[in-house]
1. Determine the sum of side-chain charges near Q332: Lys and Arg each +1, Asp and Glu each -1, restricted to other residues whose C-beta is under 12 angstrom from that of Q332.
2. So what are the ³J(HN,Hα) numbers for region 320-336, from phi and the Karplus equation (6.51, -1.76, 1.60; θ = phi - 60°), rounded to whole Hz, Gly and Pro as x?
3. With a cut-off of at most 12 other beta carbons within 10 Å, and DSSP calling the residue loop, which trypsin sites (Lys or Arg not before Pro) in region 164-248 qualify? Please list them.
4. So how much accessible area does W384 have, in Å² to the nearest 10, using a 1.4 Å probe?
5. So, for the chain, what is the accessible surface per residue at a probe of 1.4 Å, expressed in square angstrom?
6. So how far apart, in nm, are the two label points at Q381 and V29 if each is 7 Å from Cα heading toward Cβ?
7. Taking the alpha-carbon centroid of each part, what is the distance from region 8-31 to region 96-146 in angstrom?
8. Determine the distance separating the Cα centre of region 358-397 from the Cα centre of region 408-426; give it in Å without decimals.
Amino acid sequence: MTIHNRISGQFTIIVASILIGFSLLIYFVSATYRREEFYERLKSKARTTVRFLVEVKEVDHDLLRIIDRNTLTAMIDEKVLVLDERNQLVYSSVDDHPVRYQPDLLDAVRRNKEVETTNGDNELVGILYEANGQRLVVLASAYDQFGQSKLANLYLTLVWGLFGGIGLTVVLGFFFAGQSLQPIGHINRQVQTITARNLRQRLDEGKRQDEIDQLAVNFNAVLQRLEQAFEQQRSFVSHASHELRTPLAALKSEIQLGLRRPLSTDRYTEILQNLLFDTDRLIALSNSLLLLARTLENLEAVTMTSVRLDDVLFAAQEELLTSNPDYIVQFQYDKPPETETDMRVLGNESLLIRVVLNLLENACKYADDRRAQVRIGTKPQHVWLSVTDTGIGLSADEQTHIFEPFYRAPAAVTYEGFGIGLAVCQRIMEVHNSSIRVESEPGQGSTFTITLPQF
Ligand code: ADP
C-alpha cells in the first residue's frame with residue numbers, strides 16, 4: 001500500500017469516526033431530551049386531569065373528557081386513565097381505545113410513585129396521586145408526533161450529512177495526501193538520477209524550511225561527503241601511481257643500462273647500488289601508502305586512554321634519535337606542570353607518537369641545523385605542543401596545501417619524502433577532536449602546533 005493511500009485512508013477513518021461519533025451523540029442527546037420533555041408533558045397532563053377529577057367537584061367525567069380533548073396542548077392519541085386502589089377504572093379520557101398496560105405496571109407506579117415507559121409507539125407515564133385518603137394511579141399516554149418527526153428529520157439530516165462529509169473527506173484526504181507527498185515524489189525522481197558517476201548533482205533544497213527541505217539538505221550533505229571521499233580516492237590512486245612510476249622508470253633505465261653492453265665490475269656495482277637505492281625508495285613509498293590507507297581506514301575504531309603529552313614527546317624523540325642520531329630535539333615546558341594531570345589528554349598513544357614523530361622528523365629534515373625546538377604548555381581545558389624549526393619555511397599558499405595527501409612544496413622536493421605524513425597527522429588529530437596548525441615564513445622556519453582537550 002502506498003503512503004499516499006495509507007495517509008488518505010487514515011485521514012478518512014479519523015474524520016469519519018469523529019463525524020459518526022458526533023452524529024450519534026447529537027442524535028441520542030436529542031432523542032433523550034425529546035423523551036424527557038414529552039414525559040414531563042404527560043406527567044403534567046396526568047396531574048392536571050386527576051386534580052380536576054378529584055378536587056373540582058363541578059367537573060364530571062364527560063366535561064373532563066371534553067376539556068381533555070379540546071385543550072390547546074392536547075397531544076396526538078392522548079389517553080388518560082385514572083384507577084383506584086382495586087385497579088378499578090375511575091376515569092378514562094377515551095371510550096373506544098383503552099390504554100393497554102401490563103397489570104404489574106400499576107403496582108410499579110404505587111411502589112415508585114412515578115413510572116416512565118412506552119406503549120407501542122406511544123409514550124406512557126404512570127403517577128401515583130394521593131389525596132384525601134385516596135391512592136389513585138393515573139396513566140397518561142400519547143404519541144409525540146411533533147418530537148418524533150423532528151427526530152426523524154434530524155436523523156435524515158445526520159445520515160446525509162455523514163455520507164456527504166465522509167465522501168468529501170475521502171476526496172480531500174486523497175488530494176491533500178497527494179499534495180503533501182508531492183515534494184517526496186519530486187526528491188525521489190531526483191535521487192533516481194544520481195549515480196556514482198554524477199555525484200556532483202544536488203537535490204533541490206527549496207526554501208530550506210520544512211522537513212522535506214531538511215531531508216534534501218541532509219541528503220546533499222551526504223552526497224558532498226561521498227563526492228569528497230570518491231575524489232580523495234581518485235586522487236589517492238592517481239598520486240600513488242604517479243609516485244610509483246618515477247622510481248620504477250629509474251629502475252628500468254638502470255637495468256637497461258646494465259644490459260646494453262658488457263661493463264666493468266665497478267660500473268655494475270654502481271648500477272646495483274642505484275638499483276638498491278631506488279628499491280629502498282619504492283619500499284619506503286609503499287610502506288607510506290600502506291600506512292596512509294590503514295590510518296584512514298581504521299581510525300574510527302581506535303581505543304583512547306588518558307595519555308601524558310610530554311610522555312608522548314619523549315617516546316617520539318627516542319624513536320627519532322634511534323634512526324637519526326644526528327637530529328637534535330630541544331624541549332622545554334612553557335610553564336612547569338603543577339600537577340600530574342596537567343599534561344593529560346584523552347588519546348591513542350601510538351597514534352599521537354606518530355604525529356609528534358612526523359613533526360619532529362620534518363622539522364629536523366627541512367632545517368640545515370637538524371634541530372627541532374619543542375614546547376609544551378596548557379591553556380584552559382587544553383594541552384598544546386609546538387615544534388619549531390629554522391628551516392626552509394612555507395609560503396601562505398603552500399601552508400593551505402601541506403595537509404593534502406602527496407602535496408610537497410616546491411622547495412621540499414629535493415628532500416626525501418612523499419607528502420603523506422602531514423595528511424595522516426591531520427586525520428589523526430581529527431579523530432582526537434583536536435587541531436593541528438602551522439605558522440611559517442619562507443626561508444625563516446616553521447612552527448607546527450597541535451592542541452588537544454585536557455583529560
Ligand atoms: P614529506 O615531508 O614526506 O614530504 P609531509 O606530509 O610530512 O610529507 O609534509 C608535506 C609537505 O609539507 C612537505 O613536502 C613540505 O613541503 C611541507 N613541510 C612539512 N613540514 C615542514 C617543515 N617543518 N618545514 C617546511 N616545510 C614543511
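1. On the way: positive: K335, R375; negative: D310, D334.
Computed value for this residue: 0.
2. Once rounded to whole Hz, the list reads 5, 6, 5, 8, 10, x, 7, 6, 10, 10, 9, 10, 8, 6, 4, 8, x.
3. Answer in residue order: R200, K207, R208.
4. About 50 Å², rounded to the nearest 10.
5. On the way: 27450 Å² over 455 residues.
Per residue, the chain has an accessible area of 60 Å².
6. Inter-label distance under the simple model: 5.9 nm.
7. Their Cα centres are 37 Å away from one another.
8. One Cα centre to the other: 15 Å.
The values are calculated or read from the model by the stated rules, or taken from the named source; none is laboratory data. From a predicted model like this one, the values you see are computed outputs, not experimental measurements. When we count neighbours, we look across all protein chains shown, and the Cβ atoms used for this are built from the backbone with ideal geometry, even at glycine. Surface areas here come from the heavy atoms of the whole protein model, side chains and all, with no ligands, DNA or RNA. Shrake-Rupley method; radii C 1.70, N 1.55, O 1.52, S 1.80 Å.
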